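The values are calculated or read from the model by the stated rules, or taken from the named source; none is laboratory data. None of the values given here were measured: they were computed from a predicted structure. Cβ placement follows ideal geometry from the backbone for every residue including glycine, while neighbour counts extend to all protein chains displayed. Accessible surface is based on the protein model in full, side chains and every heavy atom, while ligands, DNA and RNA are left aside. Shrake-Rupley method; radii C 1.70, N 1.55, O 1.52, S 1.80 Å.
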Amino acid sequence: MAQDYNPVPQPKANMGQPIPRYEAVGKVTGAKIYADDLPVPGKPAYGWMVTSGIAKGRITGIDEAAARAVAGVQAILTYRNRPPLGETKTFAGGGLAITDRAPLAGPEIEHDGQPIALIVADSFEAAREASFRLKFTYEESDPAPTFGSEGVVERPLGEVNPGYEPIRFKDADAALAASAHVIDAEYATPTQHHNAIELFSTTAYWDGPRLVLHEPSQYVWGLKHTIAKQLQIDPDNVHVVSPFVGGAFGSKGAVTHRTAMAALGAKQIGRPVKVVAMRDQGFTHNGHRQETRHRVRLGCDAAGRLTGYDHRQSEFTSRVSPYSNGGLEKTAAMYAFQAVKTDNYIVQGDRNVPTFMRSPAEVPTVYALESAMNELAAAAGIDPVEFRKMNDTRVNPVNGAPYTSRSLNECLDAAAESFGWSRRNPAPRSMRDGDWLVGWGCSMAMYPTQMSPSTARVTLRRNGSALIEVAAHDVGTGCYTIAAQAAGERLGIDPGRIEVRMGDSRYPPGPISGGSISTASVTSAVADACDKLAAQLGVPEGAGIDARRAAVAAMTGPELEVLGRWIPPSLDEKALEAMYDGGVRITGGNLEERTMFAFGAEMVEVRVNERTREIRVPRITGAFAGGRIMNPRTAHSQYLGGLIWGISSALHEKTEIDMRRGRYVNDNIAEYLIPVNADIQQVDIIMVPEVDNEINVLGVKGIGELANVGTPAAITDAVWHATGKRIRELPVRIEDLL
Ligand code: MOS
């Protein structure tokens with residue numbers, strides 16, 4: 001079925017112009033308006049979200065008297081007085097809610113920090129003061145907060161997700177038994193939180209039957225439909241505005257209880273209500289990266305050819321919503337395995353529901369696979385870069401579907417040359433510089449090329465300028481700028497003359513800003529609109545860009561407006577219709593007939609002080625092939641952020657849990673460790689050219705979630721190379737090396 005796209009005009013190189021993000025100056029000078037800054041009609045009231053003080057049990061009493069007595073308090077919403085709400089599901093259940101549980105559903109407490117009341121007052125201070133005086137009494141039981149806690153329930157993922165299939169490709173056990181070298185190891189990754197600088201906020205007001213929401217969002221159409229379902233109102237009466245997002249990384253994709261609570265509060269008092277979750281509440285009323293455990297068995301023959309791959313993943317999730325990110329079907333496609341067996345389990349306990357966090361499935365699963373790859377290469381006495389190259393594949397071994405393009409080997413070569421990999425002495429503890437033990441490690445990075453249907457309205461004006469409107473989102477990736485570039489090169493217009501509007505549910509629907517799908521999906525719809533405009537201007541099909549530029553310049557009639565639309569191969573019209581209803585329809589990665597991934601290679605130098613065990617990362621190199629790069633400047637920024645995030649994941653980030661109380665301990669950005677400037681030294685990024693005309697109109701692959709995948713495996717291997725110690729649980733801290 002290979003549907004080949006023939007881009008018009010076909011770009012000569014695979015790199016677009018490195019133009020700066022057009023909103024950059026406005027953002028750094030504070031001129032840009034974020035959702036929480038938008039004006040509202042009249043004086044707003046302020047909502048304080050009250051969250052539970054226990055992790056498991058039930059509310060047995062609420063004493064509101066003292067809270068209501070605080071001057072300025074207008075309303076207190078709890079499960080006892082909230083109106084009936086409609087049901088919504090999590091992403092795992094086909095919806096977009098953060099949890100299957102409805103807002104303020106009842107007295108049951110399912111996790112620490114569960115929202116249990118909203119206090120609305122004339123001032124923020126009054127609402128907060130009242131929150132101290134609102135007394136809840138509980139019947140409390142012991143929570144089961146993590147793997148191994150008494151009372152957790154482990155189930156095969158298939159029990160809760162009928163679409164999930166464990167992989168049984170040939171006989172992995174037999175292949176492993178016949179292997180010359182086998183690694184059998186367990187790996188663990190921690191709970192992590194997004195900690196975007198912009199807090200989670202919602203401003204809600206009603207204009208008759210119309211609800212207006214100012215809320216930072218990765219999917220304004222999804223938010224509109226989800227809240228309409230919860231409040232049981234017509235979605236056409238919901239207007240969501242989210243012009244800029246101050247950090248999302250997955251955390252602003254799902255719909256939390258905060259939104260419905262703000263809308264109900266505003267309705268009750270007949271005034272706009274602003275609700276901001278405090279930094280600690282952001283850890284619990286929203287989601288996080290799931291904690292995972294892995295057992296990997298990986299084998300190769302005497303010559304270093306991979307044989308069997310057996311991977312069991314267990315993800316920690318909540319009791320109320322069996323949310324999972326999965327991902328083993330993707331690692332199973334990575335190398336020329338002769339036999340594969342995968343099993344995904346969930347473990348349910350008394351915690352809030354996990355959600356997407358930058359490369360949700362890939363970060364934990366690739367960490368485990370690539371760690372085992374490094375360990376197996378060492379066991380077989382083969383250089384780990386060479387080991388990956390000799391086990392390259394052109395097809396997904398499990399179903400035989402060919403890769404549309406795959407440049408892992410080119411990335412490995414480019415990174416190795418730049419890094420100087422050939423100078424690595426393979427023996428652990430063999431490289432040193434004074435008191436510093438030096439280690440070099442490497443890993444593969446990958447991310448599925450995913451896409452969603454999209455629309456985009458493009459208006460061409462008589463003066464040769466244009467306007468693009470689409471309810472997509474720029475979550476800091478450069479999407480505004482790239483949409484203008486796509487239209488510019490398709491119509492022969494300077495991108496500086498193209499205005500782009502996004503992040504508003506009044507615009508025609510665009511995809512959820514998740515799964516690294518925005519550039520591919522939005523530019524494909526923009527390209528369709530531009531082709532329609534060219535046709536309307538009388539440009540013959542197949543004519544080059546000069547003919548389009550001339551037609552635009554010669555345009556004399558009134559302004560022209562068209563709706564572009566694009567449906568990726570393997571999806572149909574129904575997928576686009578579902579998006580009009582706020583649904584999420586994503587395709588790509590492992591398909592039946594084709595396999596689509598972006599790849600990268602990462603090499604890192606780690607230095608461990610022999611006396612203090614302090615771990616430093618003086619340099620890291622990443623070489624990436626992501627199809628056509630629309631804008632090398634914004635792409636560089638994504639790769640840079642990804643590599644730093646990867647270092648963070650390997651050495652810094654972990655949400656600590658109080659095992660007795662089931663609470664997050666370091667729920668603030670003072671104690672939740674992320675790298676500071678002093679932790680990040682030399683970061684080198686190489687963009688490897690790659691042309692792929694099969695994936696979408698402009699041949700672009702999503703890259704926003706590519707570079708932070710694999711980094712932890714490279715760093716833990718470098719730590720082993722420096723010290724001789726294998727650390728199989730993230731993050732690696734000084735105490736692990738004592
Ligand atoms: Mo991103 S974690 O795919 O929203």
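Tabulated results
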| quantity | calculated |
| --- | --- |
| The range 9-80 - convex hull of alpha carbons, volume per residue in Å³ | 306 Å³ |
| In nm, spacing of pseudo-spin labels at E573 and E125 (7 Å Cα→C-beta vector) | 6.1 nm |
| Computed E for R506/R616 - FRET, C-beta separation, R0 56 angstrom, nearest 0.05 | 0.65 |
| Cα centroid separation, the range 577-604 to the range 380-411 (Å) | 19 Å |
| Residues of the range 93-108 with amide N under 16 Å of the 7 Å Cα→Cβ point at Y79 | 99-108 |
| Range of Cα positions in the range 62-195 per principal axis (Å), largest first | 76, 30, 29 |
| Portion, in percent, of the accessible area of the chain that falls on carbon or sulfur, probe 1.4 Å | 50 percent |
| Rounded accessible area per residue of the range 53-134, 1.4 Å, Å² | 39 Å² |
| Fully extended contour minus Cα-Cα distance, from K725 to D173, at 0.36 nm per residue | 195.9 nm |
| Residues A303 and V40, FRET efficiency given R0 of 41 Å [Cβ-Cβ distance, rounded to 0.05] | 0.05 |
| Shape call, the range 326-441: gyration tensor on alpha carbons, a/c limit 1.5 | oblate |
| Reference-scaled alpha-carbon Rg (2.2 N^0.38 Å with N residues) for the range 636-695 | 1.65 |
| Vicinal HN-Hα couplings computed from phi for the range 567-582 (Karplus, 6.51 cos²θ - 1.76 cosθ + 1.60; Hz; Gly/Pro x) | 10, x, x, 5, 10, 10, 3, 4, 5, 5, 4, 4, 5, 4, 9, x |
| From phi via Karplus (6.51, -1.76, 1.60), per-residue ³J(HN,Hα) for the range 265-270 in Hz, x at Gly/Pro | x, 5, 5, 4, 9, x |
| Value of D in µm² per second that Stokes-Einstein yields for the range 253-391, Kirkwood Rh from Cα pairs, at 20 °C (1.002 mPa s) | 121 µm²/s |
| Relative contact order (%) - criterion: Cα under 8 Å, at least six apart; region: the chain | 18 percent |
| Gain in span if fully extended, V25 to L673, counting 0.36 nm per residue against the direct Cα distance | 230.4 nm |
| Mean ellipticity per residue at 222 nm, deg cm²/dmol - from DSSP H runs of n ≥ 4 across the chain, formula -39500 (n - 2.57) | -7500 deg cm²/dmol |
| Volume per residue that the Cα convex hull of the range 1-137 spans, once the total is divided by residue count, Å³ | 250 Å³ |
| Average accessible area per residue (Å²) across the range 156-260 - probe 1.4 Å, nucleic acids and ligands excluded | 35 Å² |
| Cα-based Rg / Dmax (Å) for the range 553-665 | 23.3, 77 |
| Stretchable slack from A69 to E541, in nm (0.36 nm times residue separation minus alpha-carbon distance) | 162.7 nm |
| Computed over the range 604-738, the ratio Rg/Rh where both radii use C-alpha atoms and Rh is Kirkwood | 1.05 |
| Alpha carbon centroid spacing (whole Å) that separates the range 669-738 from the range 114-131 | 41 Å |
| Centroid-to-centroid separation of the range 245-284 and the range 427-473 [C-alpha atoms, Å] | 28 Å |
| Three-way shape label, the chain, alpha-carbon gyration tensor, a/c 1.5 | oblate |
